[in-house]
Amino acid sequence: MLKIKNLHARVEEKQILKGINLVVNAGEVHAIMGPNGSGKSSLASVLAGRENYEVLEGEVDFDGKDLLDMSPEDRAREGLFMAFQYPIEIPGVSNINFLRTALNEIRTYKKLPALDAKQFLRLSKEKQKLVEFDAKLVNRSLNEGFSGGEKKRNEIFQLAMLEPKLSILDETDSGLDIDALRIVASGVNKLRSKDNAFILITHYQRLLEYIVPDFVHVLYNGRIIKSGTKELALELEEKGYDWLKETFQEQTVQL
Amino acid sequence: MTKQITIPLYEDLLNGFNNTSIHGENETIQEARRNGFESFKRLGFPTRKNEDWKYTGITPFLQEQYHINGIAKEAEISAALINQASIPSLDSYRLVLLNGQLQTPIDTLPDFIRVKSIREAKENVDLVKYFGKNTDVNSFHFAALNTALFSNGLFLEIDAKAILDKPLHIVHAFTATGNLFIQPRHLIVVHSNASLSVIETVVSENPLSKIFVNSLTEVVVEENACFDHYVMQIAQIGTRLVHQTDVSQKRHSVYSNYTFSMPKADLIRNNLHVSLDDDQTETHLYGLYLGEGQQLIDNHSFINHKRPNCNSNEIYKGVLLDKAVGVFNGKVFVQPDAQKTNAFQQNNNLLLSNKATINTKPQLEIFADDVKCSHGATVGQLSKDAMFYLRSRGIGEEAARALLVNAFAFDVTEKIKIPALEQHVNHLIAQHIPVNKN
């Protein structure tokens, strides 16, 4: 589904990604971990098409299409979704109106008829239930005055509504209490299928207890320095990142 | 007057007055006309040296050879012109004025509401009582000129304790084959305990001929009365609007004005004056201006707190595209007697182009010591983060921009009490935003 080859990118003058290689297939869940400033969120931003990131080298293939060549809205229409680390508050745009516009723009792109009010309402009710999202929040202005946890849950609700092929959750677990974390995780688990894939960006192993990944990658200094299965996450939790950094530096010296 | 030497129109208007027969009009109106004329002769047209016109140079709009006939020549009214004013799914009564002249037949209205052309109503007690009473012809150039030379207009009154069940939609249509300088004059009286909702829509056609409209509306809101006053300005290129509204509020009355200035007209200058003449009144002024092309939209408001315990609330929002220029001047005057005044004012602007300009000036003058007043003005651009957030959900750039502009206007549009009108305004906003490519 997603093939990242030798991706280099910078923000302003600072190079952040220095050769990322990653393949994500349908049905898989990948976790990306790593110390602060290693480039995890930057990877998510580059994939979603944030403007201030400049790709220097490499390519990203998304279901046979050149992802980097597309506008942010076309990436979303092709089935890419990023749950924001810091969702934006937009007073005056109602949550529901926003979602309806988004869903119908995606449907138009796929040459599907727009949903009428009734169909949309039914879908929205169904998904609210699935991800346990408060109906009161649905009619409020987009994220305005939402608590940190409510914002993150709104991201998962949007994910459920838009049914993307590939979802990137950028530190969705940060700032969540245990109950909210469980709700978010159970939402994601319900949405997992053999046809879609997830990339979880996280600092903590805790999230991975709830959403069990197929693969775990460690990002350090703009590169993936180690990949493994869920056991790697446990090892990291125990030992921290320093042992990996040392091995990585030794390797670099040898090279 | 030497300062008017560059404007031949000034001479034409002076001659125009001398040639206009005011014979047969009510003595009060004749008197008002003479005062207005003397004052205009002295004031002339404003220049940028007048503080109130510092950012709005009016001279370029006065250069054309205008027809200044007291009463506009017969003009044909077209369905297309009227259609511009239509508001989908609005249930209302409707009146149409063409070049300031009330068109017949008039919709059947309930008995408690009276509509006449202002010339026809000349002996009406309330017309005589209120005409010109709340308009300061000594300081306002265009008000003086309008008072001296107004052609015709509408006299509207609603009886005490009456409530009109649905809004009254007044369409002010302007059309001309040559250049026309036209001066309608209206008076609306809402008697005590009455409740009225009026939507005035200004439309025009034929961008080839220049139409200069200098209109003046006097409004009287009597004790305990409530008046929702909506003004939609959707005139075409070639049209210049100078519009003054002089409102007088009596005890316990509520006046809400909603002014929407939409793209195209060359110039829109609104003078909105509200005089709080008695205790415990409530005033809401909401405005939204959307400028594009080379448009100049200027809103000057003046709320005069004369008596204690009055509340006023003003929110104006501006969106400027292309090379449009906006001006906002919100003056709040709190007189020594007006203790316990609450006055709130806010003006926010969104500049969607590097070449758009806004001049904004909140102006509080407070002479009482026990009052609560606040004001604020902002100028900004669309948030890049918000744009990216919307686009990352599959919403195209243009639709995202329209959503954000509608959201910006929301503080004002949500105050509209007529759902069909709210929808229409949001639609007009969305319609005008995507065409801009910065």
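Odds and ends about this structure:
- Here residue A:98 meets the list (1) over 18 Å from the mean Cα position of the chain (by Cα); (2) open to solvent by 30 Å² or more (accessible area, probe 1.4 Å); (3) facing chain B (nearest Cβ under 8 Å) almost entirely, failing just condition (2).
- Residue check, residue A:78 of a type in the set (D, E, K, R), open to solvent by 20 Å² or more (accessible area, probe 1.4 Å), within 20 Å of the chain's Cα centre (by Cα) and within 14 Å of another protein chain (Cβ to nearest Cβ): yes
- Residue within the range A:83-93 that is of a type outside the set (D, E, K, R), open to solvent by 60 Å² or more (accessible area, probe 1.4 Å) and either within 20 Å of the chain's Cα centre (by Cα) or within 9 Å of chain B (Cβ to nearest Cβ) (or both) present: yes
- Members of the range B:372-401 found to be among the aliphatic types (A, V, I, L, M) and assigned to a loop (DSSP other than H, G, I, E, B), listed by number: B:382, B:395
- Among the numbered conditions (1) crowded, with 19+ Cβ neighbours inside 10 Å; (2) on the phi > 0 side of the Ramachandran plot; (3) away from chain A (no Cβ under 14 Å); (4) not hydroxyl-bearing (Ser, Thr, Tyr), the only one that residue B:340 does not meet is (1).
- Strands (runs of 3 or more DSSP E) lying entirely in the range A:193-233 (those with 3 or more residues that are of a type outside the set (S, T, N, Q), more than 25 Å from residue A:159 (Cα to Cα) and open to solvent by 10 Å² or more (accessible area, probe 1.4 Å)): A:223-228
- Cβ pairs under 8 Å, 6+ apart, first in the range B:378-393 and at the interface with chain A (Cβ under 7 Å from one of its Cβ atoms), second surrounded by fewer than 14 Cβ atoms within 10 Å (Cβ to Cβ) and basic (Lys, Arg): none
- Sole residue being farther than 30 Å from residue B:306 by Cβ and either within 12 Å of chain A (Cβ to nearest Cβ) or of a type in the set (Ser, Thr, Tyr) (or both), chosen from B:409, B:420: B:409
- Residue in the range A:48-56 that is assigned to a helix (DSSP H, G or I), crowded, with 18+ Cβ neighbours inside 10 Å and either at the interface with chain B (Cβ under 9 Å from one of its Cβ atoms) or out of contact with any Pro (no Cβ under 7 Å at 6 or more places or on another chain) (or both) present: yes
- The residues listed here are B:397, B:414; of these, the one that is surrounded by fewer than 21 Cβ atoms within 10 Å (Cβ to Cβ), facing chain A (nearest Cβ under 9 Å) and under 18 Å from residue A:75 (Cα atoms) is B:397.
- Residue ID - farthest from the chain's Cα centre (by Cα), chosen from residues in the range B:271-282 that are surrounded by 23 or more Cβ atoms within 10 Å (Cβ to Cβ) and not in a loop (DSSP other than H, G, I, E, B): B:276
The values are calculated or read from the model by the stated rules, or taken from the named source; none is laboratory data. In this text the structure is predicted, and so the values were computed from the model without any measurement. Please note: Cβ atoms are built from the backbone with ideal geometry, for glycine as well, and neighbour counts cover all protein chains shown. Keep in mind that these areas ignore ligands, DNA and RNA; they rest on the heavy atoms of the full protein, side chains included. Shrake-Rupley method; radii C 1.70, N 1.55, O 1.52, S 1.80 Å.
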